[in-house]
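These notes concern the structure reproduced below.
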Amino acid sequence: MKIANLIAPLAAMTLLAACGSEQELRDRSAEPMVDGESIYATEEGRDTHSYANPLEARVTHVSLDLNADFEERRMVGTATLDLVLAEDAEEVVLDSKGLEIREVVNGEGEALRWEMGEDSGDVHGAPLTIALDGAEQVKITYASAPGAAALQWLEPEQTEGGEEPFLFSQGQAILNRSWIPTQDSPGIRQTWDARITAPEGIRVVMSAEMLTPEGELIDDQPGRRAFRFRMDEPIAPYLIAIAAGDLAFQELGDRSGVYAEPSMLAAAASEFEDIEEMITAAEQLYGEYRWGRYDLLVLPSAFPFGGMENPRLTFVTPTILAGDKSLVSLVAHELAHSWSGNLVTNATWNDFWLNEGFTVYFENRIMEAVYGREQAEMLADLGWADMMADIEALGGLESPDTRLHLDLEGRNPDDGMTDIAYEKGAVFLRTIEETVGRARFDAWLRDYFDRNAFRPQTSAGLIADMRANLFEGDEADEIGIEQWIYEPGLPENAVHVQSNRFRAVDHAIQNFAESGEVTVINWPEWTTQERLRFLNGLPREMDEDRLTALEETFALNVARNSEIRFAWLRLAIANRYDDARDSVERFLLSMGRRKFVAPLFEALMAAGDWGQPFARRIYREARPRYHAITTGTVDETVPLSDG
Ligand code: BES
Ligand code: ZN
């Protein structure tokens, strides 16, 4: 059974009609093909983290009509799916995690047989199989579970304003199946639209064109408003995102702006004032921004990630509002995903590095263009240190988890969220850039995004593309691209971008470690990146006098910059430094960003009697405020059951 049989003539016709590849690529039913074969039938294109059967029936459009029920913490309503079917298709298989299915009908409203398979008991969820009887559209009436992993429902007290509740979603990697019944696989692109209702006073935003910015009154539901959205570009389903709360908006440029709670809006707008410049720089590097608007949404502090590249609406943590734009490389990162990730998407989570490695590389190029080479070099050098630390943590250079292309079958795709994908991936691209020269590399990358726009990609596909369009002679083998992608460790030709400014910092580290004299530290003149290099480069064992000297001179316990605060507290905990305890507690209760929370709890648990009871006490209080993504990690570190 092959959809290919059906599509090939169709695609050829479209090509003739539109006289160009753009239309063909965007055609809703265009199946991603590799050498005449469906990508879903290829070894690297088969997604083991989805129950979907795209070779038989494939979702091409999702239409949501949902009520956000803040009391019951459920999304309730319907999802209508458009399908393309292979000739002899019998059923469509969707992904579901905890969905309560009430009814399934076809386009004519006639009931269809459906069955919910057994839940895997872990992140995979259960297959929802619908017998089609020829139906090319199915309408599912359903509700999400109150504990849906993709959704976090916040009480008013968990927001800045404290007046209204808040809801946000996080779809990546395979969480959207907990609130949307669709084929939840990154290689199965879908256009979508939505109508969402919420109580008066709440604004709903989504990662799509917003058709009703202020919402519309609803005749038969007084006290509620409806918001409508539309995404006409086919996107990977993990990129459907929603947030709802007391949100205000401020324009930043012609095609950009920021949403935040009213009390944070001004701070957010000034932190992100360079966004237009970043978009322009990105376009000059690698081609037109294809999504229309680029807005940012600042979430409440419970948001578990730093940022999430939801199309047209990047979600960010408020912990990057440092007041001095020093952490905006995160915005450059999420913006870069508008090409790497959102246009060209990893076909499966085994190739997560195709999203993140390319994005870290691209992010750094945006930073270089907007803030200069020195700044970019510091960021790249910090990334190198993160990568080295992660290689160690993963078990060293031999560990299979240090491969770029992974085999995550049967595992949580989040296991692949390491600095291997991010930083080793970026170092690989820098190594290629240095070999072929920046001009050739940039020209290739720009065309690569165009050629593969709105398509899934695999490591094998990348290699074929590079061999055909980038390399000359035996460059590919000289670099050893297969070794880079499929073997563990770090090849010897890895390009380490080293910051000159860090030499002075490293000097200060040595001087201070020897003398304990804070006067050798040029802190006031340092950028945030130099300060981070300093704190992370200090010996992990420090005496109390030195820690006190640092704290008293640089007020580290109350550092407003979250990255500085985190780096300091990590060091302080490792040394069981009593004067940092209050700061640790306040920090852990103030936000739920996993990148900060998880390592600090780990450090506390590693600090014996000094840290363990303290960790348990804080976690007991903080846990209800954290997102499931964060508690999922911290639960492993801080067991609460034994008291
Ligand atoms: N797409 C990721 C976030 C993500 C990855 C969520 C995998 C779920 C599963 C996002 O672009 C990202 O990488 N965020 C980073 C910040 C970035 C600057 C490295 C984060 O949140 O820490
Ligand atoms: Zn990313």
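Mind checking which residues of the range 335-344 are under 21 Å from ILE39 (Cβ atoms) and either among the hydrophobic types (A, V, I, L, M, F, W, C) or in the same structural domain as ASP415 (by TED's automatic domain parsing) (or both)? First the steps, then the outcome.
Filtering the range 335-344 for residues under 21 Å from ILE39 (Cβ atoms) gives 337, 339-344.
Within the range 335-344, TRP339, LEU343, VAL344 meet the criteria.
Would it be correct to say that ALA79 is assigned by TED's automatic domain parsing to the domain that holds ARG177, assigned to a loop (DSSP other than H, G, I, E, B) and at pLDDT 95 or above? Even if it seems obvious, please write down each step before you answer.
Values: assigned by TED's automatic domain parsing to the domain that holds ARG177: yes; assigned to a loop (DSSP other than H, G, I, E, B): no; at pLDDT 95 or above: yes.
Answer is no for this residue.
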field: Any pair with Cβ under 8 angstrom, 6 or more apart, that starts in the range 354-380 at a residue that is among the β-branched types (Val, Ile, Thr) and ends at one that is away from ligand 2 (no atom under 16 Å from the Cβ) and outside any helix (DSSP H, G or I)
entry: VAL370/ASP274
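Take GLU118 and decide whether it is surrounded by fewer than 13 Cβ atoms within 10 Å (Cβ to Cβ), of a type in the set (Asp, Glu) and over 24 Å from GLY187 (Cβ atoms).
In short, yes.
Please specify each residue of the range 383-399 satisfying the condition of being open to solvent by 30 Å² or more (accessible area, probe 1.4 Å) and within 16 Å of ligand 2 (Cβ to nearest atom). Even if it seems obvious, please write down each step before you answer.
The first filter runs over the range 383-399 and keeps only residues open to solvent by 30 Å² or more (accessible area, probe 1.4 Å), leaving 384-386, 388-390, 392-395, 397-398.
Of everything in the range 383-399, those that are open to solvent by 30 Å² or more (accessible area, probe 1.4 Å) and within 16 Å of ligand 2 (Cβ to nearest atom) turn out to be ASP386, ASP390.
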message: I need the full set of residues from the range 458-480 which are surrounded by 14 or more Cβ atoms within 10 Å (Cβ to Cβ) and free of Cβ contacts under 8 Å to residues at least 40 places away in the same chain, in order please.
response: ILE463, ASP465, MET466, LEU470, PHE471, ALA476, GLY480
field: Residues satisfying the stated conditions in the range 597-612, i.e. part of a loop (DSSP other than H, G, I, E, B) and either surrounded by fewer than 16 Cβ atoms within 10 Å (Cβ to Cβ) or touching a residue at least 60 places away in the same chain (Cβ under 8 Å) (or both)
entry: ALA606
task: Please determine, by comparing only the residues of the range 36-76 that are part of a strand (DSSP E or B) and charged (D, E, K, R), which one is surrounded by the most Cβ atoms within 10 Å (Cβ to Cβ).
output: ARG58
- prompt: Counting only residues that are outside any loop (DSSP other than H, G, I, E, B) and touching a Pro at 6+ places or on another chain (Cβ under 9 Å), which one in the range 392-418 is nearest to ligand 1 (Cβ to nearest atom)?
  reply: ASP401
query: Which ones in the range 323-343 are within 16 Å of ALA267 (Cα to Cα) and open to solvent by 10 Å² or more (accessible area, probe 1.4 Å)?
result: GLY323, ASP324, LYS325, SER326, LEU327
message: Condition first: basic (Lys, Arg) and open to solvent by less than 40 Å² (accessible area, probe 1.4 Å). Now tell me which residues in the range 400-422 satisfy that.
response: none
task: Those residues that are touching a residue at least 60 places away in the same chain (Cβ under 8 Å) and either under 23 Å from ASP545 (Cα atoms) or assigned to a helix (DSSP H, G or I) (or both), I need them from the range 578-596; list them, please.
output: SER590, ARG594, LYS595, PHE596
message: So ALA453 passes all but one of these: (1) hydrophobic (A, V, I, L, M, F, W, C); (2) away from ligand 1 (no atom under 16 Å from the Cβ); (3) open to solvent by 10 Å² or more (accessible area, probe 1.4 Å). Which condition number does it fail?
response: (3)
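The values are calculated or read from the model by the stated rules, or taken from the named source; none is laboratory data. Source: prediction; values computed, not measured. As a convention, Cβ positions derive from the backbone with ideal geometry for all residues, glycine included, and neighbour counts pool all protein chains shown. Just so you know, the surface numbers come from the protein's heavy atoms only, side chains and all, with ligands and any DNA or RNA stripped out. Shrake-Rupley method; radii C 1.70, N 1.55, O 1.52, S 1.80 Å.
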